[in-house]
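Right, one structure below, let's go through it.
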Amino acid sequence: MSRIVVFGAGGRAGVRVVAEAVERGHEVTAVVRDPGKYAGAWGPSGAGYSGAGYSGAGSSGVRVVAGDVTDLASVAEAAAGHDAAVQVAARLDVSSEEFYTAAARALVGGLGRAGVSRLVAVGIGSLLEVSAGVRLVDTPDFPAEARAFSLGHAAELEVFEKSGLDWVVLAPPPVLLDESASRTGRYRIGGGAVPALEPVFSFADLGVAVVDEVEHPRHHRVQVAVSY
């Protein structure tokens, strides 16, 4: 059993990561901006997420705390005493580059202060390559309105690459992820290239991949594709 701190635990990916970790018996600290919004989010007793194929019968509790992933001191306080951290937080009310750069810097500094070396983050498929050295985001037909958000994730990667953290970024395929699909436990990890696309990939199975990387770290200081 590990102690895992999840930043952005209230989001669509975050609730599945927390649910998956709890179902496996881990102790989870769920970091959100407003804990009052998440009473019972992981089951009536806070012990398990009741959606995406879960019964809410997790064997360990979830501690929900207020925190700010862009604040180094807040990250350090939330992460203290944990074995690994997960970053799935996002903000749409500030620019993507501003948010992800600030979050990455706070995570590097805060996790270092807390003595947590392992970080598993969820990235974005548009930063994967369509050919050698050419990212999807840099192709001529890539939508301009989506480019800025993607480049925010690219700025995050640059911060991680300059750090001493043992990090991995899992990039789901550049398709809309399914919020309602049940957990299958099926996925595959690729390299840095855009995978052959299937119509969907589920948040539930993304959660499986994230927790697998926490339990059994197989990828280090790299961005890799995760897909069916």
Rounded to the nearest 10 Å², the accessible area of residue 83 at probe 1.4 Å: 90
So how many Å³ per residue does the convex hull of the Cα atoms of the range 134-228 work out to? 108
When the expected Rg is taken as 2.2 N^0.38 Å, what fraction or multiple of it is the alpha-carbon Rg of the range 65-105? 1.18
Of the accessible area of the chain, computed with a 1.4 Å probe and all protein chains kept, carbon and sulfur make up a percent value of 51
Mean projection of the alpha-carbon convex hull of the range 77-136 over all orientations, in nm²? 5.2
Given a 1.4 Å probe and the protein chains all in place, what does the accessible area of residue 189 round to, in Å² to the nearest 10? 50
Give me the dipole magnitude in Debye, nearest 20, for the chain about the Cα centre, with unit charges on the beta carbon: positive for Lys and Arg, negative for Asp and Glu. 420
Out of all DSSP beta bridges with both ends in the range 81-228, state the antiparallel percent to the nearest 5. 20
Interchain or long-range residues, amide H under 5 Å from residue 202's placed H: 178
For residue 39 paired with residue 132, estimate the spin-label separation in nm (one decimal), with each label point 7 Å from Cα along the Cα-to-Cβ line. 5.9
Using only Cα atoms, tell me the angle between helix 96-114 and the longest principal axis of the chain; keep it within 0 to 90° and round to the nearest 10. 50
Running a GNM on the chain with Cα contacts under 10 Å, which residue among 81, 133, 112 ends up with the highest mean-square fluctuation? 133
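The values are calculated or read from the model by the stated rules, or taken from the named source; none is laboratory data. This structure is a prediction, so every number in the text was calculated from the model and none was measured. Cβ coordinates were reconstructed from backbone atoms using ideal geometry, including for glycine residues, and neighbour counts include every protein chain displayed. Keep in mind that these areas ignore ligands, DNA and RNA; they rest on the heavy atoms of the full protein, side chains included. Shrake-Rupley method; radii C 1.70, N 1.55, O 1.52, S 1.80 Å.
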